[in-house]
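One structure is given here, and the rest of the page talks about it.
The values are calculated or read from the model by the stated rules, or taken from the named source; none is laboratory data. Fair warning: this is a prediction, and the values are worked out from it, not measured in the lab. So basically every Cβ, Gly included, is an ideal-geometry build from the backbone, and we count neighbours across all protein chains shown. The area values use the complete protein model at the heavy-atom level, side chains included, leaving out ligands, DNA and RNA. Shrake-Rupley method; radii C 1.70, N 1.55, O 1.52, S 1.80 Å.
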Amino acid sequence: MTIKRRQFLATSGLATLATQIPSLTAQGKLSPNTIRKPPRLQVGDTIGLIAPAGIVDTKDIEAAQQSISQLGLKVKLGKHILDRYGYLAGKDADRAQDVNLMFSDRSIKAIIAMRGGWGCNRILPLLNYSLIRSHAKILIGYSDITTLLLAINARSKMITFHGPVATSTWNQFTVDYFKRILFNGEAVTMQNLNPSEVSVEIIAPGKAKGKLVGGNLSVLSAMVGSPYLPSWNKSILFVEEIGEDVYRVDRMLTQLKTAGILNQIAGFIFGQCTNCSLGDEPSFTLMQVLQDHILPLGIPAWYGSMIGHIKDKFTLPIGVEVEIDADVGIIQMLEAAVSLV
């Protein structure tokens with residue numbers, strides 16, 4: 001899609017529609033640089049459950065099936081979902097095979113990871129990214145699933161979703177965002193439910209626009225230097241963490257800084273740092289560390305968004321254009337994240 005055509009669509013009031021129209025090459029094929037939006041979910045669709053990281057057991061699966069069935073969805077299990085290999089849910093080749101098979105299976109309309117843990121990074125070289133792109137469908141999870149979300153967004157040029165795993169608490173807040181974004185195809189505005197419980201702490205005020213990218217901080221930092229990360233240019237970076245001392249958060253943000261990532265972004269959101277402690281004294285506070293790293297960037301930024309290892313979760317579309325307002329902690333989607341056709 002050329003710049004002139006974009007300008008024409010905008011001035012003719014069709015800019016919103018244009019976001020639903022894939023860019024085509026002269027041969028009528030989808031351009032390899034065009035981001036793909038997976039088809040939306042509908043009641044009665046079948047969801048594929050996979051365990052690409054840590055071990056799951058039968059009780060986990062039974063609970064997940066019950067939660068997903070309450071959404072009006074059917075469930076199909078990955079072939080190796082109950083496998084065990086040390087602390088992993090099966091050998092690397094088998095876990096990767098489950099991912100590839102779920103994308104190639106035409107009866108599957110979306111893929112939800114059972115849980116995080118560790119292991120997704122090990123299977124990245126074994127995934128078929130061209131197959132995944134040609135069979136675009138919703139992929140959602142968080143924590144260690146960050147690896148898959150970022151790699152598939154980068155290599156398959158496909159929108160992925162940072163949100164609940166199958167074993168998450170599917171409460172009203174989480175389900176509401178899940179349905180509005182993935183079923184209804186709405187461009188929603190995300191704002192904390194109860195500011196007294198999850199309050200916004202402004203790092204730097206202001207508004208910014210850009211592609212939403214991010215996930216678990218430690219998982220993301222472990223991917224630095226690999227060929228599986230998307231472009232950071234003028235992106236809105238969100239991160240979250242659990243169980244890390246403040247000095248480790250400092251170390252990981254320093255890694256993103258020295259890798260040249262932080263100086264490319266247009267905005268920054270730190271969701272929740274759940275069970276993060278000061279560690280050995282003396283220590284900085286988490287906010288002091290965030291100010292040290294983020295304030296010099298001169299970009300809008302805040303701490304305290306409903307992202308991470310918490311019960312109430314946003315569904316965040318990775319690769320979608322958003323506008324953020326750091327003064328009030330709002331993430332506003334500027335386009336739908338799924339295809340409605």
**OP:** Take Pro296 and decide whether it is open to solvent by 40 Å² or more (accessible area, probe 1.4 Å), farther than 21 Å from Ser143 by Cβ and not polar (S, T, N, Q).
**Re:** yes
Original post:
If you scan region 238-283, which residues turn out to be part of a loop (DSSP other than H, G, I, E, B) and open to solvent by 60 Å² or more (accessible area, probe 1.4 Å)?
Top reply: Asn275, Leu278, Asp280, Glu281, Pro282
**OP:** Identify, by number, the condition in (1) in a strand (DSSP E or B); (2) crowded, with 19+ Cβ neighbours inside 10 Å that Gly117 doesn't meet.
**Re:** (1)
**OP:** Report the residue count in region 48-71 for those that are within 18 Å of Thr169 (Cα to Cα) and either open to solvent by 30 Å² or more (accessible area, probe 1.4 Å) or in a helix (DSSP H, G or I) (or both).
**Re:** 14
**OP:** Taking Ile112 as meeting all but one of (1) within 23 Å of Leu217 (Cα to Cα); (2) of a type outside the set (Gly, Ala, Ser); (3) open to solvent by 20 Å² or more (accessible area, probe 1.4 Å), write down the number of the exception.
**Re:** (3)
**OP:** Spot the failing condition for Cys273; the list is (1) within 17 Å of the chain's Cα centre (by Cα); (2) touching a residue at least 60 places away in the same chain (Cβ under 8 Å); (3) within 16 Å of Leu253 (Cβ to Cβ), and only one is missed.
**Re:** (2)
**OP:** State all residues of region 135-152 that are in a helix (DSSP H, G or I) and touching a Leu at 6+ places or on another chain (Cβ under 9 Å); if no residue qualifies, say none.
**Re:** Ile145, Thr146, Thr147, Leu148, Leu149, Leu150, Ala151, Ile152
Original post:
How many residues are among the charged types (D, E, K, R) and either touching a His at 6+ places or on another chain (Cβ under 8 Å) or buried (at least 21 other Cβ atoms within 10 Å of the Cβ) (or both) when one looks only at region 92-108?
Top reply: 4
Original post:
Among the numbered criteria (1) at pLDDT 95 or above; (2) surrounded by fewer than 19 Cβ atoms within 10 Å (Cβ to Cβ); (3) part of a loop (DSSP other than H, G, I, E, B), which single criterion is violated by Leu193?
Top reply: (1)
Original post:
What is the number of the single condition among (1) over 23 Å from Ser130 (Cα atoms); (2) open to solvent by 40 Å² or more (accessible area, probe 1.4 Å) that Lys79 does not meet?
Top reply: (1)
Subject >> Residue check, Leu212 modelled with pLDDT of 95 or more, under 26 Å from Ile112 (Cα atoms) and outside any loop (DSSP other than H, G, I, E, B) >> reply: yes
**OP:** Taking the options Ser199, Ser235, name whichever one is touching a Gly at 6+ places or on another chain (Cβ under 9 Å), more than 21 Å from Trp118 (Cβ to Cβ) and surrounded by 19 or more Cβ atoms within 10 Å (Cβ to Cβ).
**Re:** Ser235
Original post:
Hey, Val213 hits all of (1) aliphatic (A, V, I, L, M); (2) more than 13 Å from Phe314 (Cα to Cα); (3) open to solvent by 10 Å² or more (accessible area, probe 1.4 Å) but one; which does it fall short on?
Top reply: (3)
**OP:** Determine whether Leu131 is open to solvent by 20 Å² or more (accessible area, probe 1.4 Å), touching a residue at least 12 places away in the same chain (Cβ under 8 Å), touching a Phe, Trp or Tyr at 6+ places or on another chain (Cβ under 8 Å) and not in a strand (DSSP E or B).
**Re:** yes
Original post:
Across region 311-331, what is the total count of residues that are among the β-branched types (Val, Ile, Thr), crowded, with 19+ Cβ neighbours inside 10 Å and in a loop (DSSP other than H, G, I, E, B)?
Top reply: 2
Original post:
What number of residues within region 83-92 are in contact with a helix residue (DSSP H, G or I) (Cβ under 7 Å, 6 or more places away or on another chain) and part of a loop (DSSP other than H, G, I, E, B)?
Top reply: 2
Original post:
Based on what the data block shows, is Ser226 of a type in the set (Ser, Thr, Tyr), farther than 29 Å from Leu124 by Cα and surrounded by fewer than 17 Cβ atoms within 10 Å (Cβ to Cβ)?
Top reply: no
Subject >> One residue from Arg133, Arg155 being within 20 Å of Ala337 (Cβ to Cβ), more than 15 Å from the chain's Cα centre (by Cα) and of a type outside the set (Val, Ile, Thr) >> reply: Arg133
Original post:
Do we find a residue being among the basic types (Lys, Arg), in contact with a strand residue (DSSP E or B) (Cβ under 8 Å, 6 or more places away or on another chain) and open to solvent by 10 Å² or more (accessible area, probe 1.4 Å) anywhere in region 136-150?
Top reply: yes
